[in-house]
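Novice: Below are the structure tokens for one structure; questions will follow.
Values quoted throughout were computed directly from the atomic coordinates according to the rules given, and no laboratory measurement underlies them. In this text the structure is predicted, and so the values were computed from the model without any measurement. Every residue, glycine among them, receives a Cβ derived from its backbone with ideal geometry; neighbour counts consider all protein chains shown.
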Amino acid sequence: MNTDWSAFLAARGTPGANGDTATDCTRYDLSHLGLIAVQGADADGFLQGQLTNDIRTLSATQCQLTAHCSPKGRMLDLFLALRLPAGIGLQLPRERVAPALKRLGLYVLRSKVTLVDHSDGPVRIGLAGTGAPRELERRGLPVPEGDFAAVAADGVTVARLPGTAPRFELIAECARQIDLWDALA
């Protein structure tokens, strides 16, 4: 977990989620999720050969679920893939980052690609509920339309996740997320 973010949450005594019935919106700390940054000139081609979805459709406005499978087709890891300033981000549970890095690293060979554990990089916050779009708008953030749509503005990447109620993931540097966390309280 990002140490600045961890210290911030500890100082507030925040357990990780805060629901507000007045706004019908709940915020979540997503520090339990890890992030692998895939960087380099061959990043797209490398991932195209390793993951199940078409990485070429991944853009600054579209994220996707994709999996890494064994040669026999058994799913080893499921990622939320998105474009970030640090490269292509592959999000998965934090405890799965090291094994995923090791497995993907076996296939890098001569590709101009680096795989980096970026879990302590950008901070991720979840926002869910029927009032979530309104809360994003009140904070001057864009509201992505449609499942897996993503929009970056004002240093924050907002990704819309599928669900019966609106769900969003906000990805940004720690200082920006501290301001958002307090504003969303």
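Novice: Taking only Cα atoms of segment 34-117, what ratio of Rg to Rh do you get with Rh as the Kirkwood inverse-distance radius?
Specialist: With Rh from the inverse mean 1/r over Cα pairs, Rg/Rh is 0.91.
Novice: Does a label point 7 Å from the Cα of K112, set along Cα-to-beta-carbon, have any residues of segment 67-102 with amide nitrogen under 18 Å, and which are they?
Specialist: Of the residues in segment 67-102, 86-88 have backbone N under 18 Å from the label point off K112.
Novice: For K102 and T3, compute 0.36 nm times the residue count separating them, minus their Cα-Cα distance, and round to one decimal in nm.
Specialist: Length gained, K102 through T3: 33.2 nm.
Novice: Using only the Cα atoms of the chain, construct the convex hull and provide its projected area averaged over every direction, in square nanometres to one decimal.
Specialist: Result: 10.6 nm².
Novice: Suppose only helical runs count, i.e. DSSP H with n ≥ 4. What mean residue ellipticity at 222 nm does that imply for the chain under -39500 (n - 2.57) per run, divided by all residues and rounded to the nearest 500 deg cm²/dmol? Walk me through the intermediate numbers first.
Specialist: Details: 5 runs with 44 residues, N = 185.
Counting only the DSSP helices, I get -6500 deg cm²/dmol.
Novice: Now for a separate question. Considering only DSSP states other than H, G, I, E and B, which trypsin sites (Lys or Arg not before Pro) in segment 79-163 qualify as loop sites with at most 16 other Cβ atoms within 10 Å?
Specialist: R110, K112, R139
Novice: Sticking with this structure for a sec: Modelled label-to-label distance, V143 and A60, 7 Å Cα→beta-carbon offset: nm?
Specialist: Calculated label separation equals 2.3 nm.
Novice: Please find the FRET efficiency linking R134 to A41, where r is the Cβ-Cβ separation and R0 is fixed at 45 Å, and quote it to the nearest 0.05.
Specialist: Taking R0 as 45 Å, the efficiency between R134 and A41 is 0.60.
Novice: Here is a follow-up. Can you give me the angle between helix 3-12 and the longest principal axis of the chain, using Cα atoms only, in degrees from 0 to 90, rounded to the nearest 10?
Specialist: Long axis of 3-12 versus the principal axis of the chain: about 20 degrees.
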